[in-house]
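Written out below as structure tokens is the structure these notes cover.
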Amino acid sequence: MSFLTLANAANPLEARRAFLGKSGLLLSGTAVALMAGRDALAAQAGKSAESDVRVLNSALGAELEAIAAYQVGAESGLLQKPVLDLAVTFQGHHKEHADVLSKTIVKLGGKPVAAKPRYTFPTDTLKNQADVLRFAASLEKGAVSAYLGAVPVFGNRDLAKAAASILGDEAMHWAILRNALGEAPVPAAFMA
Amino acid sequence: MKALAFLVAGAALALAAGAAPAADPAAGEAIYARCLACHALAYDRTGPRHCGLFGRRAGSVAGFAYSEAMKRSKIVWNGKTLDRFLANPMAAVPGTAMGYAGVTDRQERADLIAYLERENRSAACRK
């Protein structure tokens, strides 16, 4: 049973049935192994669901901005291969995160925030590849912290687990971007 | 995980035992990196801009779509109210759209607020 499948299920009952019926099968076949347990949406009524939706929506807002930021980076002409390919790959991950977050918000009865028509980026300070990489790294590091700050506040433990799974992905982005900058890829034993 | 909790608790105790060290804006800048998925000083993102924060009524940046909870909170931002909010945003303003656990360490919060204060005095924030 994946987070993704849960998000796709038409109603909570179906989500639960999907979990009970096909979890093993789906698990092995799912690229994003964002796992949710059997009580995933069962206890999701009232205040706790509303609060979880708010947390998911602020994460979604940040993911949508990251997608736009990577687009600006990719189109800037400042990135050379293979760094350009990295940026496109990472943007793809953010698109997958946004997709899963937004489907889960709908599933919980919420309304996903939409991408803004335009975003402000500090483009006047982005003059070369290193500037773009440093900017992307600051967003990825921020994303790790944001998910870290989301994990303990979810009412639903399965959403916390899913957020932790995304957190791991963002942390890898951060490390690779630092590595591409010639910085120590993993500068510390803990993230904050 | 236990070890981590122990470590963190130990650090907190050590801090509580000694006199509170002065707030350090340079250390606060590193703490502010945690906010950079959603905030910038000079422009609105997922969260509102932080330039002009001190003395501002919560939820009052024109054009930013705040939660009703934040708009109705009647908070005016200063060192004290920021300290309370940042310790546990979702408890301080129930219903806030800032879905974030907060900065639980007192010293880290003091440093962070000192950084925000310093930046608010900077030319970049004043223009």
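Structure notes:
- Unmet requirement for B:Thr96, which otherwise passes all of (1) assigned to a loop (DSSP other than H, G, I, E, B); (2) more than 27 Å from A:Thr120 (Cβ to Cβ): (2)
- Test for B:Leu116: is it surrounded by 20 or more Cβ atoms within 10 Å (Cβ to Cβ), within 15 Å of the chain's Cα centre (by Cα) and under 29 Å from A:Gly155 (Cβ atoms): no
- Within the set B:Ala65, B:Ala3, B:Ala19, the sole residue that is at pLDDT below 65 and either closer than 29 Å to A:Tyr70 by Cα or assigned to a loop (DSSP other than H, G, I, E, B) (or both) turns out to be B:Ala19.
- The requirement of being in contact (Cβ under 8 Å) with a residue 60 or more places away in the chain and surrounded by 20 or more Cβ atoms within 10 Å (Cβ to Cβ) is fulfilled somewhere in segment A:88-97, by at least one residue.
- Residue in segment A:122-134 that is facing chain B (nearest Cβ under 10 Å) and of a type outside the set (S, T, N, Q) present: yes
- Breaking point among (1) within 17 Å of the chain's Cα centre (by Cα); (2) surrounded by fewer than 19 Cβ atoms within 10 Å (Cβ to Cβ); (3) of a type in the set (S, T, N, Q), for A:Gln80: (1)
- You will find that of A:Ser48, A:Ser58, the residue that is hydroxyl-bearing (Ser, Thr, Tyr) and more than 8 Å from chain B (Cβ to nearest Cβ) is A:Ser48 and no other.
- Looking only at segment B:23-58, residues that are touching a Phe, Trp or Tyr at 6+ places or on another chain (Cβ under 8 Å), among the basic types (Lys, Arg) and closer than 20 Å to A:Pro122 by Cβ come to 2 in all.
- Within segment B:56-76, residues that are at positive phi reach partners that are part of a strand (DSSP E or B) with beta carbons closer than 9 Å, at six or more positions or on different chains, in the pairs B:Lys74/B:Arg57.
- Checking A:Ala114 against (1) part of a helix (DSSP H, G or I); (2) modelled with pLDDT of 95 or more, the condition it does not meet: (1)
- Test set (1) within 13 Å of chain A (Cβ to nearest Cβ); (2) more than 27 Å from A:Val53 (Cα to Cα); (3) not β-branched (Val, Ile, Thr) - B:Gly47 fails condition number: (2)
- Sole residue being of a type outside the set (Val, Ile, Thr) and closer than 22 Å to A:Arg54 by Cβ, chosen from B:Ala114, B:Ala110, B:Ala65, B:Ala124: B:Ala65
- Filtered by the rule that a residue be acidic (Asp, Glu) and more than 10 Å from every other protein chain (Cβ to nearest Cβ), segment A:136-170 gives A:Asp158, A:Asp169.
The values are calculated or read from the model by the stated rules, or taken from the named source; none is laboratory data. What you see is a predicted model, and the numbers here were worked out from it, not measured in a lab. No Cβ is skipped: glycine too gets one built from the backbone with ideal geometry, and neighbour counts run over all protein chains shown.
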